[in-house]
Amino acid sequence: MVDTASVRRTMLPPGPRRPYTVQGLRMLYTPEAFAGACRRRYGDTYTLGVPRRPVTVWSSDPALARLVTRLPDEVSTATEWNAAADFLWGPRSPFVIEGEEHRRTRRLVMPVLRGPRVLARREEIAGAARRAAAGWSRERPVRLLAEMRALVLELMVRSVFGTDADADPLAPRVARLTETLRRTTLGSLLLPWTRHVPGSAYRRVLRARRELTDCLEAAARARAERDGGPGLLGDLTRARADGRLAEDALADQVVAFLLGGYATTATALASTFDLLLHHPAALARAEDEAVSGGEEGAGDGPWLEAVVRESLRLSPPAWVFGRALRRPVEFGAWRLPAGAWVAFDVPAMHRRADALAGLGAEPDAFRPERHLARAADGRRRTGAVSSWHVFGGGGRVCPGSSFAPFVVRTVLAAVLARVRLRPLRDRPGTLVRESTLLVVRDGVPVSVSDR
């Protein structure tokens, strides 16, 4: 527990003086308005007090993000930040372990997320997207957020089960339970006492998490009899058998993979479609590239890559990440105390006037062409500048930082080559904060016609 009196005597950024409960409720129910008001009054970095965490420093300053995320675990840790949802992740999740165990288990998951195994799935991913688009209604509006969630969940479950996904009777149950856990609200995370309330969201989450663990362990036991089998589940089963993975860590690793990758990737897809559909010139260029690329080159074109980069900049799927300080940290005139949390507002950080690092002007504008600009040495700029934190930062950057954009580009190309989509409103939708995600409020309604 933080010693609030001693903390307040340190050099903290300014912030509101309202009671902690009031601040917590405003951050929970009106986060955009409250954070915006705080930035206007106090600047990019300010101090809040919320229940159970009396001192939280909120910031959209990329310099502070670079500092805090690059510090060692002994000084700045993500594990205590993520511990608010430890009942969801589990004790051996990559979100809550650290040190050598974290590095070792991360290496076990990476082959599914990068390199040859990902590239080999291009046609599988594109084919799933084409089948999904073929089944969308041509008479009624289609909400792309829901469709992308269904599609990405299918792809993530296939990543777990590999080529066994269609035949394994546990795969559909894993998908259903993963969707149940995705619906977990930020409010339920902050109210652990409701685990004792019959029918509460907290109790439903605990029950679904236990069932999901049981399913994954049953699937792993079946694979252990045939040298692991395909997919991530096979990789982890073999790693557990030869001692590279702790006996009780398999389910926690898979749950982190599913929950960490499913909702964020689906949200990124829906937001990308929404931005693209409201910029006709950019859409026409994307459609031309998707159609001319053919099935084998789906998502490989430079324009679609630029579109995805710009969408992730403007509409990062996760709106916040943070660290808990184990030792005091000095930043400019401030001294942030041990025990404080430091939270980063990712959308605000990306829309700063100085966030583009030479990639053009107007940070609030959707301009994919900025990512096609070339530096003086002739190399194309990638947009991976230090002020952007789409996937967090430091040694705990999201392991799916390559996989997610690959899936978004591949699905985008496959859908645009198969159907014509037209928006049902005249401007991009309003982004709202749903738990830790930044989603389009109305789910991105579109009309669909055959190409």
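Tabulated data for the structure shown
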item	result
Least to most buried among Tyr202, Tyr42 (fewest other Cβ within 10 Å first)	Tyr42, Tyr202
Which of Trp89, Trp58, Trp334 has the fewest Cβ neighbours within 10 Å, and the rest in rising order	Trp334, Trp89, Trp58
Nearest-20 debye value, the chain charge dipole, Cβ charges on Lys, Arg, Asp, Glu	1120 debye
Value at 222 nm in deg cm²/dmol, rounded to 500, when DSSP H runs of n ≥ 4 in the chain each add -39,500 (n - 2.57)	-15000 deg cm²/dmol
Fewest-first sequence of Val448, Val174 by Cβ atoms within 10 Å of each Cβ	Val448, Val174
Reported label for calculated Cα extents along the principal axes in Å given [x] 68, 58, 49; [y] 65, 51, 43; [z] 64, 56, 49	[z]
Cβ-based net charge around Asp227, under 14 Å, with every Lys or Arg adding one and every Asp or Glu removing one	+1
Overall form of the range 38-97 per C-alpha gyration tensor (a/c, 1.5; a/b vs b/c)	oblate
Cα-based shape type of the range 1-141, given that a ≥ b ≥ c are square roots of the gyration tensor eigenvalues and the cut on a/c is 1.5	oblate
Signed unit charges on C-beta, dipole axis of the range 246-369, positive-most listed residue Gly301, Ala318, Phe331	Phe331
Over the range 231-331: Kirkwood hydrodynamic radius from C-alpha pairwise inverse distances, Å	17.2 Å
Gyration tensor (Cα) of the range 77-132, equivalent ellipsoid semi-axes in angstrom	31, 16, 7
Given 12 as the ceiling on other Cβ atoms within 10 Å, longest exposed-site-free region of the chain for GluC sites (Glu not before Pro) in DSSP loops	297-451
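Values in this text are rule-based calculations from the coordinates and carry no lab data. Not measured: the values here are computed from a predicted model. Cβ: placed from backbone, ideal geometry, glycine included. Neighbour counts: every protein chain shown.
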